[in-house]
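The values are calculated or read from the model by the stated rules, or taken from the named source; none is laboratory data. Everything quoted here is computed from the prediction, not taken from an experiment. Note: ideal-geometry Cβ built from the backbone for every residue, glycine included; neighbour counts use all protein chains shown. Areas reflect the complete protein model, heavy atoms only, side chains present, ligands, DNA and RNA absent. Shrake-Rupley method; radii C 1.70, N 1.55, O 1.52, S 1.80 Å.
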Amino acid sequence: MRALNYLELEEHVRGGMVTATRQQRKALATTDIEVVESPWRAGNPVQSLGTLFAGEGYFESYDVAHCNLVGPGSIAVAQHAKRNDIPLVLHAHFTKEDFAESFRGSTQIAPALEPYLRWFYSQADLVLCPSEYTKGVLESYPVDAPIRPMSNGVDTESMAGYEEFREDTRERFDLDGMVVYAVGEVFERKGLTTFCELAKATDYDFAWFGPYDEGPQAGKATRKWVNNPPENVTFTGFMEDKRAAFGAGDVYLFPAKVENQGIAVLEAMACGKPVVLRDIDVFREFFEDGEDCLMCETFEEFEAALERLADDPELRERLGENARETAEEHSLERVGERLEETYRELVEA
């Protein structure tokens, strides 16, 4: 079976949906599914006009179409799939809820996205999403298509050797002691203000490993904190190798307000790091407070959690070991098996 696994503008977008898409492809490599990454016969829509006029077709040949973004390229794939009775899977990495508080004006634009996302996802034969939480969000729009939660998984192989980066990365960014850290794009939805206010209230070194915008498109909170961070906060910018971040950090702090799953959380867990999370539904779905993480509702609880971890190495070790076991439950092998089952189910139907 040939399956299209498509992320339009893949070279230009960034963030969790890129990681999730590439993990899908790696997971499918363990199955009998042949993956096609571009829907276009000649590799892109412009050059494929030549193959169309030559009578060779505009679209590639595949048995099931799986799109991971919501733009015009994905619309074209969806319409082609419907015209040709090709089963269509649309992956909901993107909701109006997680679009808000990401860049300047995003919160104001977010409500207008709901009608579009409702229409787009409703074209699918099946909508995949990372969590039961996200399924509930889509049902509230409501999306008129079957919706199935499926973990994004975690690529544990990609984290191998993270320990080797510890000394050099800590020296590079002048980090010392128990380093509290986050990984990913820097914006308010991910709990940026809480992260920085906690740094101001404590003496630990804080580091946020990931890209950020400083121009007019950046959100207000991002501009504020990146341009004038607390003395003990380091914003590293883009990291060539994510293992450097997970090697340098000791406690993964992720006070995100909205999240569809949180791949970086699973990556931290795969490295055996203790994790501190905001107490929101999606994290309750996958993790257990006091078992493989600490969950907090208030600023005071976050502060107390960091103090507990600083004072209790045994707690850090226990949470980290349990977190590693949790990450193993989200292996790419399991993701591949579920994707293969899903594709075959749709084709046979």
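Look at the range 1-23: where a residue is farther than 18 Å from Ile75 by Cα and a partner is in a helix (DSSP H, G or I) and of a type in the set (Lys, Arg), sitting 6+ places away or on another chain with Cβ atoms under 9 Å, you get Met1/Arg344. The helices (runs of 4 or more DSSP H) located wholly in the range 49-157 that include 3 or more residues which are within 30 Å of Ala323 (Cα to Cα) and at pLDDT 95 or above occupy 132-140. Screening Ala160 on (1) out of contact with any Leu (no Cβ under 7 Å at 6 or more places or on another chain); (2) aliphatic (A, V, I, L, M); (3) buried (at least 19 other Cβ atoms within 10 Å of the Cβ) shows it passes everything except condition (3). Of all residues in the range 270-286, those being under 16 Å from Ala182 (Cβ atoms), in contact with a Cys (Cβ under 8 Å, 6 or more places away or on another chain) and either open to solvent by less than 20 Å² (accessible area, probe 1.4 Å) or part of a loop (DSSP other than H, G, I, E, B) (or both) number 5.
Hey, does the range 101-109 have a residue that's surrounded by 17 or more Cβ atoms within 10 Å (Cβ to Cβ) and at positive phi? So far as the range 101-109 goes, yes, one or more of its residues are surrounded by 17 or more Cβ atoms within 10 Å (Cβ to Cβ) and at positive phi. Scanning the range 287-336 for residues that are touching an Asp or Glu at 6+ places or on another chain (Cβ under 8 Å), surrounded by 16 or more Cβ atoms within 10 Å (Cβ to Cβ) and of a type outside the set (A, V, I, L, M, F, W, C) returns Asp292, Arg316, Asn322, Thr326. Among the conditions (1) within 18 Å of Met159 (Cβ to Cβ); (2) hydrophobic (A, V, I, L, M, F, W, C); (3) not in a helix (DSSP H, G or I), the only one that Val18 does not satisfy is (3).
Anything in the range 194-232 that is free of Cβ contacts under 8 Å to residues at least 60 places away in the same chain, under 20 Å from Val265 (Cα atoms) and open to solvent by less than 60 Å² (accessible area, probe 1.4 Å)? List them, or say none. Scanning the range 194-232 gives Cys196, Ala199, Asp205, Phe206, Ala207, Trp208, Phe209, Gly210. Within the range 2-34, the set of residues being open to solvent by less than 20 Å² (accessible area, probe 1.4 Å) and either charged (D, E, K, R) or more than 21 Å from Ala81 (Cβ to Cβ) (or both) comprises Glu8, Val18, Gln23, Ala27. Looking at (1) assigned to a helix (DSSP H, G or I); (2) touching a strand residue (DSSP E or B) at 6+ places or on another chain (Cβ under 7 Å), find the lone condition where Glu164 falls short. In the conditions (1) assigned to a helix (DSSP H, G or I); (2) touching a strand residue (DSSP E or B) at 6+ places or on another chain (Cβ under 7 Å), Glu164 misses (2) alone. Within the range 306-317, residues that are farther than 13 Å from Val179 by Cα reach partners that are open to solvent by 70 Å² or more (accessible area, probe 1.4 Å) and part of a helix (DSSP H, G or I) with beta carbons closer than 8 Å, at six or more positions or on different chains, in the pairs Leu315/Arg308.
Taking the range 215-257 as the range and being part of a loop (DSSP other than H, G, I, E, B), of a type in the set (D, E, K, R) and farther than 17 Å from Glu101 by Cβ as the test, the residues that pass are Glu231, Glu240, Asp241, Asp250.
Looking at the range 35-48, which of the residues that are in a strand (DSSP E or B) and either touching a Leu at 6+ places or on another chain (Cβ under 9 Å) or of a type in the set (Ser, Thr, Tyr) (or both) is most open to solvent (accessible area, probe 1.4 Å)? For the range 35-48, the residue satisfying everything is Val35. All of Glu267, Glu259 fail the test of being among the acidic types (Asp, Glu) and open to solvent by less than 20 Å² (accessible area, probe 1.4 Å), apart from Glu267.
Of all residues in the range 1-15, those that are in a loop (DSSP other than H, G, I, E, B) and modelled with pLDDT of 95 or more total 2.
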